[in-house]
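This report refers to the structure that appears directly beneath it.
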Amino acid sequence: MVGGGVIGLSIAWRLAQRGDAVTVHDAAPGSGASHVAAGMLAPVTEVQFGEELLLAMNLESARQYPSFVAQLEAATGRSTGYLPCGTLVVARDNDDLVALDRLAAFQRDLGLDVTKVRAGICREMEPGLTPSVRGGLLVAGDHQVDPRALVAALLDACRGAGVGFVHERVTELPAADVVVVAAGCWSGDIAGVELPVRPVKGQLLRLRGKAGVERNIRGLDVYIVPRPDGEVVVGATVEDKGYDTTVTAGAVHDLLRAAVELVPDVAELELVEVSVGLRPATPDNRPIIERRGDVVVATGHYRNGVLLAPLTASLVADLVR
Ligand code: GLY
């Protein structure tokens with residue numbers, strides 16, 4: 001296994017559970033995009049026009065999440081922070097409201113469960129929202145998990161199932177009966193693996209305190225993920241800048257401004273961390289999960305790596321067998 005992010009670790013655990021001997025090669029497992037991700041499990045609120053096939057994968061993986069985390073928590077005794085909290089998408093102004101109406105019509109055409117919510121009801125549901133909120137969409141099935149807790153549990157579960165770890169950066173395919181390449185946006189840098197995967201930079205903020213909201217809150221250009229332990233994640237930029245991981249003042253400013261517009265008390269929170277992740281993107285935004293002889297590729301999960309971990313693990317375990 002090349003790559004010890006949420007995808008690689010989920011695959012490694014699944015394979016080891018089935019009795020395969022697995023070694024994960026990664027200089028620092030869990031330190032890439034998985035460490036930065038907010039952890040929204042959002043097949044419905046992330047859906048984009050023209051991405052119906054990706055939606056089907058995302059919905060299936062979301063369906064598998066409760067049993068995936070239950071098995072993981074039972075195996076390790078650790079919480080993954082899985083929280084079936086739902087998501088409220090909110091409009092700040094009339095333009096946003098028109099955009100939300102279009103989005104709701106598209107989501108309903110796809111048979112998805114979305115409910116329009118009037119402004120007053122949005123505020124009753126989430127008192128921390130700005131008094132000027134114009135309305136919203138409730139997506140009851142889009143939840144969250146804590147990616148850092150999830151990775152910690154996966155590392156424990158892998159070790160418990162006998163997975164070995166080699167802490168080195170991989171440039172050549174290691175020798176094994178089957179090599180799984182799940183190295184995110186670096187997957188194509190490994191000799192012999194040609195992949196149309198590019199890094200798409202995302203800057204995210206981690207804050208701490210009481211924001212006054214309990215569900216995931218999304219505007220058209222920002223999301224806010226509040227956790228019961230007081231962490232509040234605000235994300236994210238989407239920047240095609242290659243492997244650049246610079247934190248920029250402009251991104252922090254834009255994210256904070258957009259978040260405070262929706263949830264004013266965000267301005268009172270402690271700003272704990274600004275982090276940058278590189279999403280592995282493909283030309284059609286769908287992951288590449290395929291077998292090529294003795295190599296299985298599992299990358300290109302773009303904005304849905306945390307969400308797609310359970311489904312990817314079972315698909316790859318089948319491909320390996
Ligand atoms: N899934 C959210 C993001 O990639 O920013």
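For the chain, the mean residue ellipticity at 222 nm estimated from helices alone is -10500 deg cm²/dmol, where every DSSP H run of n ≥ 4 contributes -39500 (n - 2.57) and the total is divided by all residues, rounded to the nearest 500. For the chain, the longest principal axis of the C-alpha atoms and the axis of helix 249-262 are separated by about 50°. Between exposed chymotrypsin sites (Phe, Trp or Tyr not before Pro) in the chain, where DSSP calls loop and at most 16 other Cβ atoms lie within 10 Å, what's the longest gap? So the longest stretch without any such site is 50-242. Each peptide among 171-177, 279-285, 133-139 gets the average number of other Cβ atoms lying within 10 Å of its residues, and from highest to lowest they stand as 133-139, 279-285, 171-177.
Stretching Arg321 away from Ala191 to a fully extended chain increases their span by 44.4 nm, per 0.36 nm per residue minus the current alpha-carbon distance.
Within straight-line reach of Lys241, meaning a Cα separation under 25 Å, sit the following lysines at least 8 residues removed in sequence or on another chain: Lys201. Pairwise Cα distances in the stretch 27-133 exceed 25 Å in 38 percent of cases. Based on Cα contacts under 8 Å between residues 6+ apart, the stretch 157-244 shows a relative contact order of 25 percent.
The stretch between Leu110 and Glu73, if pulled fully straight at 0.36 nm per residue, gains 10.0 nm over its current Cα-Cα span.
Would you mind checking the tilt of helix 94-109 against the longest principal axis of the Cα atoms of the chain, expressed as 0 to 90 degrees and rounded to 10? The angle comes out at about 50 degrees. Based on C-alpha pairs under 8 angstrom that are at least 6 apart in sequence, the stretch 39-188 has a relative contact order of 32 percent. Projecting the Cα atoms of Ser79, Ile121, Leu41 onto the charge dipole of the stretch 1-137, computed from C-beta unit charges around the Cα centre, puts Ser79 farthest toward the positive end. When Rg and the Kirkwood radius Rh are both evaluated on Cα atoms of the stretch 98-202, their ratio Rg/Rh stands at 1.17. Restriction of the trypsin sites (Lys or Arg not before Pro) in the stretch 4-92 to DSSP coil positions whose beta-carbon has at most 14 other beta-carbons within 10 angstrom yields Arg18. Note on Glu60 and Asp244: their simple-model spin labels are 3.7 nm apart, each label 7 Å out from Cα toward Cβ. The Cα-based radius of gyration and maximum Cα-Cα distance (Dmax) for the chain are 19.5, 61 Å.
FYI, it's all coordinate maths here, none of it is from the lab. Since we're looking at a predicted model, the values are computed, not measured. Cβ atoms come from the backbone with ideal geometry, glycine included; neighbour counts cover every protein chain shown.
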